[in-house]
Amino acid sequence: MGVKVGVLALQGDVAEHITAFREALADRPGSMVVSVRHAEDLADLDALAIPGGESTTISRLMGKNGLYEPIAEFEGGIFATCAGMVLIADRVDDPRVRPLSLIPMHVARNAFGRQVDSREAMLEVAGLTEPFRAVFIRAPVATDVDPQVQVLARIPEGIVAVRHGPHMAFAFHPELGGDLRLHRIFLAGLGV
Amino acid sequence: MKLEELRFGTELIKRGFASMQKGGVIMDVVNAEQAELAEEAGAVAVMALERVPADIRAAGGVARMADPQKIAEIIDAVSIPVMGKARIGHFVEAQILEALGVDMVDESEVLTPADEQFHIDKTRFSVPFVCGARNLGEALRRINEGAAMIRTKGEAGTGNVVEAVRHMRAIMGEIRSLQGLSNQELIDRARDIEAPAELVIECAERGRLPVVNFSAGGIATPADAALMMQLGADGVFVGSGIFKSTNPEATARAIVEAVNHYDDAKVIAEVSRGLGDAMKGLDIHMLRAEEVLQTRGR
């Protein structure tokens with residue numbers, strides 16, 4: 001059966017998420033990847049991606065577009081990267097961002113410093129046999145996660161990949177760089 | 001994590017940073033207070049300047065990189081990325097901006113060029129660069145020098161969108177005209193537009209520039225911003241348009257929403273209501289040749 005994935009298309013690397021999910025779903029006939037800008041776009045979706053971008057901007061636009069409640073009540077899995085990881089948490093170190101409170105964890109924005117401190121690193125991720133080339137761009141980290149949240153990867157700065165029920169959140173960008181192993185693990189966990 | 005495998009300033013990181021700005025508005029600011037207003041309005045980044053382009057025009061003289069003190073104050077004031085402008089070819093200004101912790105350097109024709117032959121060799125930096133372009137050849141030459149993002153030049157500080165439209169249409173049209181050409185014809189085209197053949201071939205394959213392409217130079221209203229998005233921009237830079245309007249806060253918010261809903265005229269109509277006067281603006285045809293900024297760098 002095909003899988004229907006939406007990508008929150010308010011701001012950020014929306015096109016990269018769409019391309020990555022289309023590629024990850026190429027062997028699943030009947031699958032679709034669509035943009036989500038309004039609450040009604042969430043209907044019938046199996047999963048939603050919240051892309052990287054500026055969390056302050058996306059947060060403001062989610063409020064303006066009336067998306068907080070509908071996403072908080074969304075029943076599918078959420079694949080959140082970078083700004084998405086900030087938004088999906090329940091505690092954020094910055095009052096400028098209103099979180100969705102879907103994963104019980106505390107997230108710190110821009111935990112690495114300025115853009116020149118952005119980095120690529122070979123990262124050990126639970127569930128993967130080979131390391132993942134993770135691209136961190138002005139990335140956040142989770143500084144504290146509740147015990148029911150599964151930690152998939154950590155670095156000296158903090159936790160950078162987690163799983164909670166059908167949701168997965170990453171401080172880095174699995175949608176950049178062409179390695180779709182984490183997308184496949186996420187899709188397998190949807191039970192579609 | 002193996003620390004020895006950490007890599008900084010790679011092409012993927014630089015272009016990835018630019019991708020995170022997509023669908024956003026980058027606003028020119030001259031102090032911490034304006035930067036906070038821009039962030040609050042939903043800007044994805046701010047451009048830290050000594051003066052907005054309209055005031056650079058009015059002041060005359062040599063326009064240089066902003067005072068590092070001012071840039072540092074703006075960096076401290078906001079959580080969104082801060083960009084800074086260096087003069088074309090002035091790689092030491094770029095080095096200073098990188099050392100200050102600026103997130104992206106704009107090698108900008110709005111400042112007085114420091115080198116009339118060479119642009120900065122941007123591959124030597126960890127910080128990503130954005131550069132202006134008026135046509136496909138210019139855009140691809142900048143990308144070949146290491147630019148991670150392009151912005152169409154328009155004509156900064158005029159509040160007149162006509163040149164921004166001209167440059168966006170030129171780049172989009174030139175990319176469309178590559179479709180269906182043979183490899184041999186693409187190489188010939190690359191020679192014509194003085195751009196590397198492999199980048200021309202990449203544009204033909206992808207149907208777009210290999211990096212993010214914003215619009216800049218003359219955007220003054222929410223309608224201008226949505227116009228540029230509908231013409232194919234990935235996002236917009238707004239310079240003088242916000243803080244030269246009568247109500248900067250409302251104008252900033254309205255432009256952010258117009259970019260977000262660029263194909264929804266009802267929303268653009270709603271956010272455009274009662275904004276007060278936009279910046280006065282200049283007729284491009286009244287500018288003297290030496291007042292035209294877009295011809296700086298080629």
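The values are calculated or read from the model by the stated rules, or taken from the named source; none is laboratory data. Model, not experiment: these values are computed from the prediction. Quick reminder, even Gly has a Cβ in these numbers, built from the backbone with ideal geometry, and neighbours come from all protein chains shown. Accessible surface areas use protein heavy atoms only, side chains included; no ligands, DNA or RNA. Shrake-Rupley method; radii C 1.70, N 1.55, O 1.52, S 1.80 Å.
As a summary of the residue check, B:ALA72 satisfies the conditions (1) touching a Leu at 6+ places or on another chain (Cβ under 8 Å); (2) touching a residue at least 60 places away in the same chain (Cβ under 8 Å); (3) surrounded by fewer than 18 Cβ atoms within 10 Å (Cβ to Cβ) except for the one numbered (2). B:CYS131 falls short on exactly one of the conditions (1) under 22 Å from B:VAL238 (Cα atoms); (2) part of a helix (DSSP H, G or I), and that condition is (2).
Taking the conditions exactly as written (touching a residue at least 60 places away in the same chain (Cβ under 8 Å), open to solvent by less than 40 Å² (accessible area, probe 1.4 Å) and at positive phi), does A:GLY12 satisfy them or not? Steps first, please.
Numbers: touching a residue at least 60 places away in the same chain (Cβ under 8 Å): yes; open to solvent by less than 40 Å² (accessible area, probe 1.4 Å): yes; at positive phi: yes.
Judged against the criteria, A:GLY12 is a match.
Scanning region B:249-298 for residues that are in contact (Cβ under 8 Å) with a residue 40 or more places away in the chain, assigned to a loop (DSSP other than H, G, I, E, B) and farther than 30 Å from B:GLU194 by Cβ, which turns out farthest from the chain's Cα centre (by Cα)? Top of the filtered list is B:LEU275. The residues of region B:171-188 that are closer than 28 Å to B:SER108 by Cβ and buried (at least 18 other Cβ atoms within 10 Å of the Cβ), listed by number, are B:ILE171, B:MET172, B:GLU174, B:ILE175, B:LEU178. Restricting attention to region B:10-43, report how many residues are farther than 27 Å from B:GLN230 by Cβ, facing chain A (nearest Cβ under 7 Å) and open to solvent by 10 Å² or more (accessible area, probe 1.4 Å). Looking only at that region, the number is 2.
Within region A:111-120, is there a residue that is part of a loop (DSSP other than H, G, I, E, B), more than 8 Å from chain B (Cβ to nearest Cβ) and surrounded by fewer than 16 Cβ atoms within 10 Å (Cβ to Cβ)? First the steps, then the outcome.
Of all residues in region A:111-120, those part of a loop (DSSP other than H, G, I, E, B) come to A:111-114, A:118.
Next, only the ones that are more than 8 Å from chain B (Cβ to nearest Cβ) stay: A:111-112.
Then keep just the ones that are surrounded by fewer than 16 Cβ atoms within 10 Å (Cβ to Cβ); that gives none.
Within region A:111-120 (the criterion being part of a loop (DSSP other than H, G, I, E, B), more than 8 Å from chain B (Cβ to nearest Cβ) and surrounded by fewer than 16 Cβ atoms within 10 Å (Cβ to Cβ)), the answer is no, since none of the residues qualifies.
Scanning region B:282-297 for residues that are open to solvent by less than 30 Å² (accessible area, probe 1.4 Å) and either small (Gly, Ala, Ser) or more than 24 Å from B:GLY157 (Cβ to Cβ) (or both) yields one hit, B:GLY297. Looking only at residues of region A:128-151 that are farther than 23 Å from A:LEU87 by Cα and loosely packed, with under 15 Cβ neighbours inside 10 Å, we find that the one that is farthest from the other protein chains (Cβ to nearest Cβ) is A:THR129.
Of the strands (runs of 3 or more DSSP E) lying entirely inside region A:2-94, those containing at least 2 residues that are within 24 Å of A:VAL145 (Cβ to Cβ) and in contact with a helix residue (DSSP H, G or I) (Cβ under 7 Å, 6 or more places away or on another chain) are A:47-50, A:77-81.
Quick check, is B:ARG124 surrounded by fewer than 24 Cβ atoms within 10 Å (Cβ to Cβ) and in contact with a strand residue (DSSP E or B) (Cβ under 9 Å, 6 or more places away or on another chain)?
Numbers: surrounded by fewer than 24 Cβ atoms within 10 Å (Cβ to Cβ): yes; in contact with a strand residue (DSSP E or B) (Cβ under 9 Å, 6 or more places away or on another chain): no.
No: the conditions fail for B:ARG124.
Being in contact with a Gly (Cβ under 9 Å, 6 or more places away or on another chain), closer than 19 Å to B:SER19 by Cβ and of a type in the set (D, E, K, R) is a condition met by no residue of region A:29-51.
Against the definition (open to solvent by 20 Å² or more (accessible area, probe 1.4 Å) and under 22 Å from B:ARG169 (Cα atoms)), how does B:GLY235 come out, yes or no?
Working: open to solvent by 20 Å² or more (accessible area, probe 1.4 Å): no; under 22 Å from B:ARG169 (Cα atoms): yes.
So B:GLY235 fails the test.
Scanning region B:143-164 for residues that are more than 14 Å from the chain's Cα centre (by Cα) and under 24 Å from B:PHE91 (Cα atoms) yields a count of 3. Every listed requirement among (1) outside any helix (DSSP H, G or I); (2) within 30 Å of B:GLY137 (Cβ to Cβ) is met by B:THR246 save one, (2). The single condition among (1) within 19 Å of the chain's Cα centre (by Cα); (2) within 11 Å of chain A (Cβ to nearest Cβ); (3) over 24 Å from A:PHE172 (Cβ atoms); (4) of a type in the set (A, V, I, L, M) that B:ALA63 does not meet is (2).
Can you spot a residue in region B:194-214 that is among the small types (Gly, Ala, Ser) and within 25 Å of B:PRO81 (Cβ to Cβ)? No, region B:194-214 has no match at all.
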